[in-house]
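Undergrad: The structure follows.
What follows draws every value from the coordinates through simple rules; no lab data is involved. Predicted model, so just to flag it, every value in this text is computed and none were measured. As a convention, Cβ positions derive from the backbone with ideal geometry for all residues, glycine included, and neighbour counts pool all protein chains shown.
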Amino acid sequence: MKLFSTLASVFVLSVLFLSCNSEPVTLSDHDWKVTDLAGSSATSDKLETLTLIFEEDQEIGGFAGCNDFRGAATFNQEQIKFSTLYSDNASCDDINMEKRYLSNLESSTSYTYSAGTLVLYDEGGNIVVEMEKDE
C-alpha cells in the first residue's frame with residue numbers, strides 16, 4: 001500500500017509540474033524580435049526592429065529602435081532580471097519607443113515561453129514585452 005501511495009504522489013506531482021511550467025527553452029539559443037511592447041503604440045513593423053540577444057556570461061544586447069544596447073541578465077526557468085541597460089546616444093524619431101523598450105526590459109521579473117513566444121512580466125504580473133524567435 002505504501003508503494004502505491006508513493007507512486008500516486010509522484011504521478012500527481014509530475015502532472016502538476018508539467019502543467020504549471022511553460023515548455024523549456026534556452027534563451028541564448030535564439031535571437032528574439034519584439035511583437036508587442038506595453039505602453040507603446042508603435043506599429044508591428046517598428047516593433048519587429050527591436051531585438052534581444054542573450055550572449056555568453058549573462059551578457060545581453062540588441063537593437064532598441066535608434067541605438068544598439070547592452071547590459072546583463074540573470075535568469076532561471078521562470079525568473080529574469082536585467083541590469084541597467086546602456087545604449088548609444090544617437091537620437092531618432094523612435095527614441096520614445098527605445099526608452100519604453102529598455103524600461104520595460106529593466107522592469108521584467110519573470111517570463112514564460114510557449115510555442116515560440118517569449119513573454120516578459122513585471123513584478124505585478126503585467127505583460128511588458130512579447131517576443132518571438134527571430135528566424
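Undergrad: By what distance, in whole Å, do the Cα atoms of the range 72-135 stretch along each of the three principal axes, largest value first?
TA: 35, 26, 20
Undergrad: Give a residue-ordered list of calculated ³J(HN,Hα) values for the range 114-123 (Karplus: 6.51 cos²θ - 1.76 cosθ + 1.60, θ = phi - 60°; whole Hz; x for Gly, Pro).
TA: For the range 114-123, the Karplus-derived couplings read 7, 6, x, 10, 9, 10, 9, 10, 8, 4 Hz, x marking Gly and Pro.
Undergrad: So, one more: Using modelled amide H (1.01 Å from N, peptide plane; none on Pro or chain starts), what sits under 5 Å from the amide H of Asp31, excluding residues fewer than 5 places away?
TA: For Asp31, whose amide H was placed from the backbone, the distant partners under 5 Å are Asp134.
Undergrad: Place a point 7 Å from Cα of Thr117 in the direction of its Cβ. Which residues in the range 75-108 have their backbone N less than 20 Å from it?
TA: Once the point is set 7 Å along Cα→Cβ of Thr117, 78-80, 101, 104-105, 108 turn out to lie under 20 Å by backbone N, inside the range 75-108.
Undergrad: In addition: Applying the Karplus parametrisation 6.51 cos²θ - 1.76 cosθ + 1.60 with θ = phi - 60° to the phi angles of the range 95-103, what ³J(HN,Hα) value in whole Hz is obtained for each residue in order, glycine and proline being reported as x?
TA: Per-residue couplings from phi come out as 5, 5, 5, 4, 4, 5, 4, 5, 5 Hz.
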